[in-house]
Amino acid sequence: MDGKCCTCRAPVNIAVIKYWGKRNEELILPQNSSLSVTLGMNELHAKTSVAVSSKFTEDRIWLNGKEQSVNNPRIQNVLKEIRRRYSEKNGSMGDGVHLKVHMCSENNFPTAAGLASSAAGYACMVYTLAKLYGVEGDLSGIARQGSGSACRSMYGGFVLWDQGVKDDGTDSLARQIKPASHWPTLRALILVVSDQKKQVGSTEGMQTTVETSELMSHRIVKVPQHTEDMIQAIEEKDFARFAQITMQESNQFHAVCLDTYPPVFYLTDTSRWIIHLVHAYNKLSGTVKVAYTFDAGPNACLYLLEEDVNRVVALVRHFFPPSTASETFVRGMPVKALEPSENERNSINIPHSEGAIKYIIHTEVGAGPEELDPAESLLTAEGLPKTLSAAC
């Protein structure tokens, strides 16, 4: 396999049943099961190229154009497990165990801003390495060792990460509940409030929560029923039930963060006005048409049906107008420009906050990771990032 190179892309997933807190830090085993929606890769994805060569003297990795330390324990766990499976399959006949790799990855969305960048990144790393080494079987357990939620990005559609009960984590794996084609009218709007790195990372935040939050134990008791109800809502395509559980889960997660000592604040004033807007719009509509969920960051993911996208985008644009007219405020899938009705403008009582939302990404439920054409490689024939070569 000397001289081989492989390039793949993997999706972002946004949890509707939240993962927060580990029962085993080293193996990244969660305290509760979680469930997510995989989003469309045309709008949100990580892309990774991996090359292997006898000419390489050490393993190296570049993320978004900058070289990172490959000695990160999580990266090492992924590499060791891929090489172990390769060796198990090929024995002494395989040369890949001793060859070094160069990995280059980039995201087409903000990194470390609470948009599940680590999930997509590690899922893509694992999938690409597996393709390169010819490693088969369930890969979600390897992805989990890189970033917990990465195991859910190994599948498209609606994905459940079983918490598992075994101490070695062999049963803490992800599985698809329904494919993306199951609910073709479900849409997501990502409202980017901040594209800056969050002050408290997810790993640090959840560890402090587990150690100090008194509410955490109460939350864990509720999660199994929430999960069962959510799976039923997805199977029946019951949006109102899906939306209610999604919002309750988001609120409960951030309540636990607030109960952490010292408290962890991921939501901002803009985040809270978005929550207010959603509830006001649902009340005005007489039914639940939109659901919000926030991961460990201020950016909102709104779930809604295709028929409501244009109207909701119009409201967001009205109350959170872009700071300059030239900005591409709505990205991704097409949206028809509308203006809110007079009744909507008068009934929804929130302030106008110009520039508070940087942009919106419109996407849908998407597929799992995929291999790309060699022409899309991020690496040169010498195994260096093409972005570095272009800058020289």
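The values are calculated or read from the model by the stated rules, or taken from the named source; none is laboratory data. It should be emphasised that the depicted structure is a prediction, and the values quoted were computed from it without experimental measurement. Note that we place each Cβ from the backbone using ideal geometry, even for glycine, and neighbour counts take in every protein chain shown. Ligands, DNA and RNA are stripped out before the accessible areas are found, and what is left, the full protein with its side chains, is counted by its heavy atoms. Shrake-Rupley method; radii C 1.70, N 1.55, O 1.52, S 1.80 Å.
Can you tell me which of TYR155, TYR122, TYR133 moves the most in a GNM of the chain? Springs connect C-alpha atoms under 10 Å apart.
Answer for the Gaussian network model of the chain: TYR133.
If you find the alpha carbon centre of segment 252-290 and of segment 139-207, how far apart are they in angstrom?
21
Give the range of the longest stretch in the chain that excludes all GluC sites (Glu not before Pro) found in loop regions by DSSP and having at most 14 other beta-carbon atoms within 10 Å.
215-326
Just to confirm, what accessible area per residue do you get for segment 42-83 at 1.4 Å probe, in whole Å²? Don't skip to the answer; put the middle values down first.
On the way: 2070 Å² over 42 residues.
Solvent-accessible surface per residue comes out at 49 Å².
Tell me, what is the 1.4 Å probe accessible area of TRP273, in Å² to the nearest 10?
90
Would you be so kind as to identify which of LEU29, ASN64, PRO11 lies farthest towards the positive end of the dipole of segment 1-124, taking Lys and Arg as +1 and Asp and Glu as -1 on Cβ and the Cα centre as origin?
Projecting each Cα onto the dipole axis, the largest value belongs to LEU29.
Under unit Cβ charges (Lys, Arg +1; Asp, Glu -1), what dipole magnitude, rounded to 20 debye, does segment 199-290 have relative to its Cα centre?
Approximately 380 debye in magnitude.
Give, rounded to the nearest 20 debye, the magnitude of the charge dipole that the chain has about its Cα centre when Lys and Arg contribute +1 at Cβ and Asp and Glu contribute -1 at Cβ.
So the dipole magnitude of the chain works out to roughly 280 debye.
In Å, what is the Rg of the alpha-carbon atoms in segment 1-52, and how long is Dmax?
15.8, 43
Which one of ALA180, TYR266, LEU388 is farthest out on the positive end of the charge dipole of the chain, using unit charges on Cβ (Lys, Arg +1; Asp, Glu -1) and the Cα centre as origin?
LEU388
Just going by the charge dipole of segment 260-392, with Lys and Arg at +1 and Asp and Glu at -1 on Cβ, which of TYR292, ALA367, ASN346 is farthest out on the positive end?
My answer, from the dipole projection, is ASN346.
Excluding residues on the same chain fewer than 8 positions from LYS47, give the lysines whose Cα lies under 19 Å from its Cα.
In chain and number order, the partners are LYS4, LYS66, LYS131, LYS386.
Over the heavy atoms of CYS5, what accessible area does a 1.4 Å probe trace out, to the nearest 10 Å²?
Accessible area of CYS5: about 70 Å².
What are the DSSP H helices in the chain that stretch 20 Å or more along their long axis, judged by alpha-carbon atoms, and whose average Kyte-Doolittle hydropathy comes to at least 0.0?
117-133, 239-259
Using a 10 angstrom cutoff on alpha carbons, build the Gaussian network for the chain and name the most mobile of GLN31, GLN145, GLN76.
GLN76
In a GNM of the chain with a 10 Å cut-off on Cα contacts, which of GLY21, GLY91, GLY146 has the highest mean-square fluctuation?
GLY91
Ranked from the most accessible area to the least, with a 1.4 Å probe and all protein chains present, what is the order of SER117, SER54?
Greatest to least solvent exposure: SER54, SER117.
Helix-derived [θ] at 222 nm for the chain: sum -39500 (n - 2.57) over DSSP H runs of at least 4, divide by residue count, nearest 500?
Dividing the helical sum by the residues of the chain leaves -11000 deg cm²/dmol.
Pick out, in residue order, every one of the trypsin sites (Lys or Arg not before Pro) in segment 133-239 that is DSSP loop and has at most 15 other C-beta atoms within 10 Å; say none if there are none.
Answer by residue number: LYS166, LYS197, LYS237.
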